[in-house]
Amino acid sequence: MSEIHHFRTMPVSGPRSYPERIAVVGDLGLTYNTTTTISHLTSNNPDLVLLIGDVTYANLYLTNGTGSDC
C-alpha cells in the first residue's frame with residue numbers, strides 16, 4: 001500500500017477567502033530546470049496551482065538539444 005495523501009479544495013471566493021498565493025506554471029517540460037522550478041514553487045506554499053500547457057513527453061531532452069539523466 002502507498003502512503004495516504006490528501007488535498008484541500010479552494011473555499012468559495014469572497015472578501016475573506018480569496019487565495020493569497022497563486023502559482024501559474026506553463027509548459028513545465030522535463031529538463032534539468034524542472035526540479036528547480038517545482039522546488040521553488042512548493043517552497044512558496046501556494047494556495048492554488050494552475051498548470052497551463054502540458055508536461056512534455058520529450059523524456060531526457062535538454063534545451064541545448066542533448067539528452068540528460070533527469
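The values are calculated or read from the model by the stated rules, or taken from the named source; none is laboratory data. For clarity, every value in this text was computed on a predicted model and none was experimentally measured. Here Cβ is always computed from backbone atoms with ideal geometry, including for glycine, and neighbour counts include all displayed protein chains. Quick note on the areas: whole protein, heavy atoms, side chains included, nothing else; ligands and nucleic acids left out. Shrake-Rupley method; radii C 1.70, N 1.55, O 1.52, S 1.80 Å.
Among residues that are surrounded by 10 or more Cβ atoms within 10 Å (Cβ to Cβ), at pLDDT below 80, small (Gly, Ala, Ser) and under 19 Å from the mean Cα position of the chain (by Cα), Gly29 is included. Within region 32-69, track down each residue that is of a type in the set (Asp, Glu) and modelled with pLDDT under 65. Across region 32-69, the qualifying residue is only Asp69.
Pairing each residue of region 32-44 that is closer than 20 Å to Glu20 by Cα and without any contact (Cβ under 8 Å) to a residue 60 or more places away in the chain with any residue that is open to solvent by 90 Å² or more (accessible area, probe 1.4 Å) and not in a helix (DSSP H, G or I), provided the two are 6+ apart or on different chains, yields C-beta distances under 9 Å for Asn44/Arg21.
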